[in-house]
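None of the figures in this text is laboratory data; all of them are computed from the coordinates on show. Keep in mind the model is a prediction, meaning the values are calculated, not measured. Don't worry about glycine lacking a Cβ; one is built from the backbone with ideal geometry, like all the others, and counts go over all protein chains shown.
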Amino acid sequence: MPYKIESQNINNQSKRQPIILVRGLQKTYYSDDVETPALQGVSFAAEKGDFISIMGPSGSGKSTLLHLLGFLDKPTGGEYIFEGKKIESYSDDELAHFRNKKLGFVFQAFNLLSKMTVLENVKMPLAYSDVPESKWDELATKAIEKVGLSHRINHEASKLSGGEKQRVAIARALVNEPSVIFADEPTGNLDSKSGTLVMDYIEKLHEEGTTIILITHETYTAQYGHSIIHLKDGLIENVEKVEEKHKKHDGFLK
Ligand SMILES: Nc1ncnc2c1ncn2[C@@H]1O[C@H](COP(=O)(O)OP(=O)(O)O)[C@@H](O)[C@H]1O
Ligand SMILES: [Mg+2]
């Protein structure tokens, strides 16, 4: 018997399953008789621990792709397999549960509750998790420490600088220890110095094992990834591998 178990384990390891797998993914928006084919058949895979950047001109479908991958919207065609199961086989409740427990989001506009404190903002996702309320303060405090904002913990979010707001958003994204963090233009509203700091925190999370999917239109920022998916008109134009030597930068190119 033990032999059988052992060989099964080896077998599982050799078949590394992607955490995210999309095949021919499509999304068409319908509004007032206008059809917008935002994604026209996108296929790629992300394995656990990958750092994938997505680049492309405005309107090429980047945010649409991120919304589909983050279960914020549903595709109109193609397949999305998350952790080995087609998303159609998950109920809406299960998808919401995944979104709250396994995924973290960082957006260009920070999306913080401006009248709330840093601590209150970072605690938000825990309210939708299985974590008992008695643990919320401790976990949120740790996440805030991780982005170097302990000294701002009781500040109102609206009083922070842009870079600090985005670091709060990162703390909020990581408080549930998600397996994937989706970031949509996280440095888009920041000056180069705060942008670099924000990217360095995202890179740190990646080093700790979090899978990162990052949208950016900045070449410099995209090079934090292992590979860069170039989108154009809702299709993948090409996938660029980032060489290790390119990962050391000395300038932030906007
Ligand atoms: N909710 C929506 N309803 C209708 N059209 C949309 C919606 N969201 C995006 N689009 C359209 O889909 C296309 C892709 O948009 P988007 O994914 O936001 O591109 P990107 O993030 O690359 O700028 C654009 O033509 C955009 O106008
Ligand atoms: Mg966008």
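For segment 221-240 and segment 35-70, compute the distance between their C-alpha centroids and round to whole Å.
9 Å
In 10 Å bins starting at zero, report the fraction of Cα pairs in segment 96-241 per bin as a rounded %.
Here the calculated profile for segment 96-241 is 12, 42, 34, 11, 2.
Mind listing the Cα extents of segment 22-70 along all three principal axes, in Å, largest one first?
41, 21, 16
Taking the C-alpha atoms of segment 1-159, how large are the radius of gyration and the largest Cα-Cα span, Dmax, in Å?
19.8, 63
Hey, got the Cα dimensions of segment 105-181 along the principal axes, in Å, largest first?
Over segment 105-181, Cα extents along the principal axes are 31, 25, 20 Å.
When the helix-only estimate is applied to the chain (DSSP H runs of n ≥ 4, each -39,500 (n - 2.57), divided by the residue count), what is the mean residue ellipticity at 222 nm, nearest 500 deg cm²/dmol?
-9500 deg cm²/dmol
Counting Lys +1, Arg +1, Asp -1, Glu -1, what net charge surrounds M116 among other residues with beta carbon under 10 Å of its beta carbon?
Spelling it out: positives minus negatives among the neighbours equals 0.
Which aspartates and glutamates have a Cα lying under 16 Å from the Cα of K204, excluding residues fewer than 8 positions away in the same chain?
D50, E145, E177
Which distance in nm do the two modelled labels at K135 and D73 give, with both placed 7 Å along the Cα-to-Cβ direction?
3.4 nm
Taking the DSSP beta bridges in the chain as the whole, what percent of them are antiparallel, to the nearest 5?
Percentage antiparallel, nearest 5: 55.
Report the semi-axes of the equivalent ellipsoid for segment 66-127 in whole Å, largest first, where each axis is √(5λ) for an eigenvalue λ of the Cα gyration tensor.
Semi-axes from the Cα gyration tensor: 27, 13, 8 Å.
Connecting C-alpha atoms closer than 10 Å in a GNM of the chain, tell me which of A169, A96, A143 has the biggest fluctuation.
Highest fluctuation of the listed residues: A96.
Jot down the radius of gyration and Dmax of segment 181-228, Cα atoms only, both in angstrom.
Both quantities, over Cα of segment 181-228: 9.9, 27 Å.
In vacuo Debye scattering of segment 139-179, one point per C-alpha: log10 I(q)/I(0) at q = 0.15, 0.17, 0.22, 0.25 Å⁻¹?
For the requested q values the scattering log ratios are -0.30, -0.38, -0.63, -0.79.
First select every other residue whose beta carbon is under 13 angstrom from the beta carbon of E145; then total the charges, Lys and Arg +1, Asp and Glu -1.
+3
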